[in-house]
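Every number here is computed from the coordinates shown, using simple stated rules; none is lab data. Since this is a predicted model, take the numbers as computed values, not measurements. Using ideal geometry, Cβ is built from the backbone for each residue, glycine included, and neighbour counts are taken over all protein chains shown.
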Amino acid sequence: MPVRFSRPFLVALVACAITNAQQPTSPTVPFEQAARTAALKSALAQPGGVPFHLRAVISDQKNHDPQWDAEVEEWWSSPTRYKRVFHCARFSQTLIVDGSKTQETDSGQVFPELLRNLTVELTNPIPRLDELAALHLSVTPPDGSPGQIVTRYKIPTSNGAGVTASMDASVAIDRETGLMIYGGNLDWDVALHDFAPFHNLQVPRRLTAQTQGGPRLTAQMTLLEDLSPADASLIRVAQPTPSAQQLRVFVVPEPQLRKLVLDAPAPHWPDMAQGALTGTMTMRVVVDRSGQVQSIDNFFSSNPGLQEAAEKQLLKWRFRPYVDHGAPVQVISTLTFSYEVGRPSH
């Protein structure tokens, strides 16, 4: 279930900073090339990869909230032939892809984004290369020396009516091992740990993800083995699912999402004892296929104390479904606001 970008989002990137363990020296390579090379050292689900069978469990290591407990199992033969089963308390999915045929069974209205993200990254920890290419940065490739190659940049956000803000994004490569070790942007957030060999790869057996203001999730591999002939027989589509009924995820620019608003009460900002009295706030939202806001996280604000108030109010917003090729899709986007608050009278 790939994530697709609505085109205007791809041009809304600005480089903020790049730091290296040592000053870049010739020869250099485009950063997106270095990131791709690093990620492919760990990516199980890549063309020509060794067929595998994987199991993993996901949990909230910060608050131990059971709503984030999940199980993932995947049987993979090639990028166009695999079966994946996901289950948590709020959503379950069985997805079988066999060439041009797809069979999908979903329970629940929305695939929780933090869980969807980790499920994908277990086998495909490759960052948004088109996004990195838009930064036009070059780095010295990993050379076995200590340190990291780190690129930090900003993703601008806007409500389409003059209020702008930004979200932090980054990618890091270990200079000594040449492996990618963490990265994050609007729909992709992961840190990779406990690398161990699997054929010619170094595969992270533990992955973590944490958003600004959200839980800290850990995906732990409990099994990684070669795909057996018996398991390969499980990858079979019995009854194809029409594309209009499949769950697809799109990253949509905020101005485009706001055009679909049905019910959007203006936020009421409470007085704050601390923090900036005026400023901006931007956050990530996930909107389900019916147009209901399902989750809000990844807050970036001039006053972080406003997070709880914003979340409670914006979960009530409703939109018309975002439609692609005649079918509604799950949306990842942002909501950006300016605010002005006072101090409590006491």
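Suppose every Lys and Arg Cβ carries +1 and every Asp and Glu Cβ carries -1, with no other charges. What dipole size does the range 10-241 come out with about its Cα centre, to the nearest 20 debye?
180
Using the Cα centre of the range 249-340 as the reference point, and only Cβ charges (+1 on K/R, -1 on D/E), how large is the resulting charge dipole? Debye, rounded to the nearest 20.
320
Across the chain, how many lysine pairs, 8 or more positions apart or on different chains, have C-alpha atoms separated by under 28 Å? Please give the number.
10
What number, in percent, do you get for the relative contact order of the chain if the mean sequence gap of Cα pairs under 8 Å and at least 6 apart is divided by its residue count?
Relative contact order here is 20 percent.
Take Ala273 and Thr177, extend 7 Å from each Cα along the Cα→Cβ direction, and tell me the distance between the two endpoints in nm.
Placing both labels 7 Å beyond Cα along the Cβ direction yields 4.5 nm.
Springs between alpha-carbon pairs under 10 angstrom, Gaussian network model over the chain: which of Gln239, Gln256, Gln220 fluctuates most?
Highest fluctuation among the options: Gln239.
Can you give me the distance in nm between label points at Ser145 and Ala161, each placed 7 Å from the Cα along the Cα-to-Cβ direction?
Between Ser145 and Ala161, the label points sit 5.2 nm apart.
Expressed in nm to one decimal, what extension gain is obtained for the pair Ala327 and Ala238 from 0.36 nm per residue of sequence separation less their Cα-Cα distance?
Fully extending the segment from Ala327 to Ala238 adds 29.8 nm.
Say the dipole of the range 137-271 comes from +1 at the beta carbon of Lys and Arg and -1 at that of Asp and Glu; which of Ser228, Leu257, Thr140 then lies farthest toward its positive end?
Toward the positive end, the furthest listed residue is Leu257.
According to a simple spin-label model (label point 7 Å from Cα along Cα-to-Cβ), what is the distance in nm between Leu260 and Asn63?
Result: 2.6 nm between the two label points.
Grab the DSSP H runs of the chain that are 4 residues or longer, score each as -39,500 (n - 2.57), total them, divide by all residues and round the 222 nm result to the nearest 500 deg cm²/dmol.
Rounded to the nearest 500, it is -3000 deg cm²/dmol.
Please list the non-local residues whose amide H lies under 5 Å from the amide H of Ser138, H modeled 1.01 Å from N, same-chain partners needing a gap of 5 or more.
Phe31
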